[in-house]
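Take a look at the structure below.
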Amino acid sequence: MKKLRDGYVINQVNHLKFPLFKPSPIVRNRLIFSGRVQKVGFRLETYELAKRLGLTGWVKNRADKNVEAEIQGENAKILFLIQYLKSLKRASVSDVEIQKMSLADDEINFQVIK
């Protein structure tokens with residue numbers, strides 16, 4: 001079942017049409033998504049979308065059943081990612097806590113932390 005869901009998630013993100021993003025400042029945010037966000041492909045969706053948007057950072061499950069991410073890139077793209085994840089039907093995001101952070105100069109990709 002997981003393989004089927006993962007294929008669905010990847011296909012959804014690969015066919016997503018992006019808006020025309022206006023240039024915006026590079027920022028880094030710690031995001032904590034709460035709600036029904038584990039065991040629904042949420043980390044994979046975050047990873048695939050962040051890669052397509054050219055964002056860097058990481059995403060991981062937390063013991064409190066929330067999902068935490070540190071994401072760096074253009075602010076407009078991060079805001080798009082947040083709105084997209086909040087709109088997922090498989091998941092149910094009840095809240096997103098956003099904390100601004102200092103930029104990480106040496107980061108080059110996005111990863112899922114197990």
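Of note:
- R5 being open to solvent by 60 Å² or more (accessible area, probe 1.4 Å) and touching a Phe, Trp or Tyr at 6+ places or on another chain (Cβ under 9 Å): no
- Of all residues making up the stretch 17-58, the number that are in a loop (DSSP other than H, G, I, E, B), of a type outside the set (D, E, K, R), surrounded by 11 or more Cβ atoms within 10 Å (Cβ to Cβ) and more than 14 Å from the chain's Cα centre (by Cα): 3
- Strands (runs of 3 or more DSSP E) contained in the stretch 67-114 and holding at least 1 residues open to solvent by less than 50 Å² (accessible area, probe 1.4 Å), in contact with a helix residue (DSSP H, G or I) (Cβ under 7 Å, 6 or more places away or on another chain) and within 14 Å of T56 (Cα to Cα): 67-74, 110-113
- If you check R28, R36, R62 for being at pLDDT 95 or above, closer than 29 Å to D106 by Cα and touching a Ser or Thr at 6+ places or on another chain (Cβ under 8 Å), only one passes: R28.
The values are calculated or read from the model by the stated rules, or taken from the named source; none is laboratory data. Quantities reported herein were computed from a predicted structural model and do not represent experimental measurements. Here the Cβ is made from the backbone with ideal geometry for all residues, glycine too, and neighbour counts use every protein chain on show. When the accessible area is computed, the model is the full protein with side chains, heavy atoms only, and any ligands, DNA or RNA have been set aside. Shrake-Rupley method; radii C 1.70, N 1.55, O 1.52, S 1.80 Å.
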